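The values are calculated or read from the model by the stated rules, or taken from the named source; none is laboratory data. Owing to the predicted nature of the structure, the values given are computational and were not obtained by experimental measurement. Note: ideal-geometry Cβ built from the backbone for every residue, glycine included; neighbour counts use all protein chains shown.
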Amino acid sequence: MTPSNPNLQPDAPIRAPSSVPVDDAVLPFEVAPLDLRGRLTRLGPALDELLAKHDYPAPVAKLLGEAIVLTTLLGSSLKFDGRFILQTQTDGPVSLMIVDFRAPDKMRAYARFDAERLVPGLGTAALLGKGHLAMTVDQGPDMSRYQGLVALDGGTLEDAAHEYFLRSEQIPTKVRLAVGEEWRSGEEGGPTHRWRAGGMLLQFLPKAPERVQRDLHAGDVPDGVSADAVPEDDAWVEGQSLIGTVEDVELIDPDLSGERLLYRLFHERGVRVFAPSPLRAECSCSRDAVSGMLKSFEPQDRADMVKDDKVVVTCEFCSSVYEFTPQEAGVE
């Protein structure tokens with residue numbers, strides 16, 4: 001494994017993969033002989049903080065955890081101080097999820113669900129139901145937004161991610177997501193519980209134009225004429241096979257470092273890792289921001305919010321509570 005510097009030459013010295021696990025970080029990597037690039041996310045305390053703010057039922061927490069991991073894999077690729085927002089709206093028991101990633105490292109998340117519909121045994125597809133997944137890149141107030149939409153129709157978030165790259169980016173991509181609960185013996189008060197998650201994104205990005213994969217059909221063909229099948233590149237076939245061997249427990253194992261996991265997968269070809277990007281749970285709400293939001297409402301809407309001679313606003317993301325007098329809220 002080569003040292004973590006993206007500017008190293010191909011003959012850079014090789015070192016052993018670090019055995020020290022690093023949580024709450026995205027680790028970029030490259031498998032140059034196969035023209036593969038990717039990112040590995042490992043989440044621990046930051047994920048636990050995001051999920052603990054709302055005390056979600058376990059199935060909801062697991063699903064939202066998958067959405068958070070997917071968002072970090074995609075949002076961490078931003079090369080500017082913008083935002084990447086993942087949002088699902090569906091008819092399933094978990095009707096809404098929003099994950100807001102602010103480059104380079106801040107994230108917040110929220111899920112809305114119907115507790116009466118959370119029957120035991122529901123998987124990801126059943127929890128989501130049918131609807132859509134929106135991925136939005138916000139480059140700031142002076143730039144236009146980019147948004148990609150993917151239909152959710154009985155599939156998982158991994159399925160939706162693959163469909164997004166197939167239709168929007170046309171880059172051969174494979175994604176793996178895993179979320180689990182960790183129980184450990186505590187020194188006082190019995191076992192301790194926390195959430196862990198991990199994910200990996202792998203892409204085939206060949207430099208030679210003739211090796212670029214065509215994921216979409218080139219166009220309509222006349223009746224009776226079959227379109228030529230484009231064979232997958234052997235390097236991408238191998239890459240898909242390797243990432244397919246990754247088990248959920250490997251992605252969330254607190255004692256397995258990300259570098260060692262990558263070495264397990266790609267040591268025969270050689271894998272180069274770059275500097276990890278840290279992640280943290282942090283909401284962007286503030287009293288000033290909430291005050292500005294209130295003043296943007298219609299006067300009657302603000303008046304309707306007055307209860308017991310005060311206006312109370314709770315942030316859906318972090319559960320922070322902001323109280324205002326009617327005068328502070330702009331109620332006449």
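Of the residues that make up region 318-330, is at least one outside the structural domain of Ile98 (by TED's automatic domain parsing), in a loop (DSSP other than H, G, I, E, B), closer than 23 Å to Ile98 by Cα and touching a Lys or Arg at 6+ places or on another chain (Cβ under 6 Å)? Taking every residue of region 318-330 in turn, at least one turns out to be outside the structural domain of Ile98 (by TED's automatic domain parsing), in a loop (DSSP other than H, G, I, E, B), closer than 23 Å to Ile98 by Cα and touching a Lys or Arg at 6+ places or on another chain (Cβ under 6 Å). Condition check for Pro28 on (1) in a helix (DSSP H, G or I); (2) closer than 23 Å to Ile171 by Cβ: one failure, at (1). Every condition in (1) closer than 24 Å to Ala109 by Cβ; (2) under 28 Å from the mean Cα position of the chain (by Cα); (3) outside the structural domain of Leu177 (by TED's automatic domain parsing) holds for Val312 except the one numbered (2).
Within region 126-137, residues that are over 8 Å from Gln89 (Cα atoms) and in the same structural domain as Lys62 (by TED's automatic domain parsing) sit with their Cβ atoms under 7 Å from residues that are among the β-branched types (Val, Ile, Thr) and at pLDDT 95 or above, at 6+ positions apart or across chains, in these pairs: Leu127/Val94; Leu128/Thr88; Leu128/Thr90; Leu128/Val94; Gly129/Thr90; Lys130/Thr90; Thr136/Ile85. Of everything in region 105-135 that is assigned to a strand (DSSP E or B) and among the charged types (D, E, K, R), the residue that is nearest to Ser77 (Cα to Cα) is Lys106. Looking across region 43-79, the residues that are β-branched (Val, Ile, Thr) and either outside the structural domain of Val137 (by TED's automatic domain parsing) or in contact (Cβ under 8 Å) with a residue 40 or more places away in the chain (or both) come down to Val60, Ile68, Val69, Thr72.
When Leu40 is tested against (1) free of Cβ contacts under 8 Å to residues at least 24 places away in the same chain; (2) within 19 Å of Ile252 (Cβ to Cβ); (3) of a type outside the set (Val, Ile, Thr), only condition (1) is not met. Among the residues of region 136-161, those that are assigned to a loop (DSSP other than H, G, I, E, B), over 12 Å from Glu66 (Cβ atoms) and touching a helix residue (DSSP H, G or I) at 6+ places or on another chain (Cβ under 7 Å) comprise Gly154, Gly155.
Once region 75-87 is narrowed to residues that are crowded, with 21+ Cβ neighbours inside 10 Å and among the hydrophobic types (A, V, I, L, M, F, W, C), the residue that is nearest to His162 (Cα to Cα) is Leu86. Only one of the listed residues (Leu251, Leu256) is closer than 30 Å to Arg102 by Cα and either in contact with a Lys or Arg (Cβ under 7 Å, 6 or more places away or on another chain) or of a type in the set (Asp, Glu) (or both). That residue is Leu251. In this structure, is Ser284 among the hydroxyl-bearing types (Ser, Thr, Tyr) and free of Cβ contacts under 8 Å to residues at least 24 places away in the same chain? No, not satisfied.
Among helices (runs of 4 or more DSSP H) entirely within region 208-277, having at least 1 residues that are outside the structural domain of Val31 (by TED's automatic domain parsing) and at pLDDT 95 or above singles out 234-243.
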